[in-house]
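Below: the structure, in structure tokens.
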Amino acid sequence: NIAGSVIIIIAQRLARRLCEQCKEPIEIPDKTLKKFRFTDAQIAEKHTFYKPKGCSKCNAGYKGRVGIFEVMTISDAMRKVILKNGTAVDIAEQAQTEEIDDLRQSAIKKAIEGVTSLEEVTRVTQ
């Protein structure tokens, strides 16, 4: 009965936001980016990533928080997976088919934008 009435599921985490005053650019090897599940297209774009440094205006290189969200609308196909007692893996596969970003993918987008660090991505999405 619940699967028939749920229309959206949201998961969220808070990640530390890099301090705009002192964040330092770093180079991340492609091998490491692949471990983070970056797509080949994302790797080819050669984004600038940052690490925390620390200054008088922040706390160890971070200042504030940023929300990381996974927003899954329950489509008819997703509802069918749930009603057939699909496992978490089945649901995740359907979400990928529907191009729904999971928490890690959402956090990676924040790292690409320079909002947070890859170390913070790991911390909040393990």
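The values are calculated or read from the model by the stated rules, or taken from the named source; none is laboratory data. Keep in mind the model is a prediction, meaning the values are calculated, not measured. So basically every Cβ, Gly included, is an ideal-geometry build from the backbone, and we count neighbours across all protein chains shown. Keep in mind that these areas ignore ligands, DNA and RNA; they rest on the heavy atoms of the full protein, side chains included. Shrake-Rupley method; radii C 1.70, N 1.55, O 1.52, S 1.80 Å.
Would you pick out the residues in region 59-89 that are open to solvent by 60 Å² or more (accessible area, probe 1.4 Å) and either among the β-branched types (V, I, T) or outside any strand (DSSP E or B) (or both)?
The answer is A60, V71, T73, D76, K80, L83, K84, N85, T87, A88, V89.
Kindly list the number of the only condition in (1) under 17 Å from K110 (Cβ atoms); (2) more than 15 Å from the chain's Cα centre (by Cα); (3) open to solvent by 70 Å² or more (accessible area, probe 1.4 Å); (4) touching a residue at least 12 places away in the same chain (Cβ under 8 Å) that fails for K23.
(3)
Which condition does R17 not pass, out of (1) at pLDDT below 90; (2) within 18 Å of the chain's Cα centre (by Cα); (3) surrounded by 12 or more Cβ atoms within 10 Å (Cβ to Cβ), if it passes all the others?
Evaluating R17 over (1) at pLDDT below 90; (2) within 18 Å of the chain's Cα centre (by Cα); (3) surrounded by 12 or more Cβ atoms within 10 Å (Cβ to Cβ) leaves (1) as the failure.
What are the pairs, 6+ residues apart or on separate chains, where a residue within region 81-98 that is farther than 15 Å from G4 by Cβ has its Cβ under 9 Å from a residue that is open to solvent by less than 90 Å² (accessible area, probe 1.4 Å) and acidic (D, E)?
Hits for this filter: A92/D102; A95/E70; A95/D101; A95/D102; Q96/D102.
Can you name every residue in region 27-58 that is of a type in the set (A, V, I, L, M, F, W, C) and open to solvent by 60 Å² or more (accessible area, probe 1.4 Å)?
Listed by number, the residues that qualify are A41, A44.
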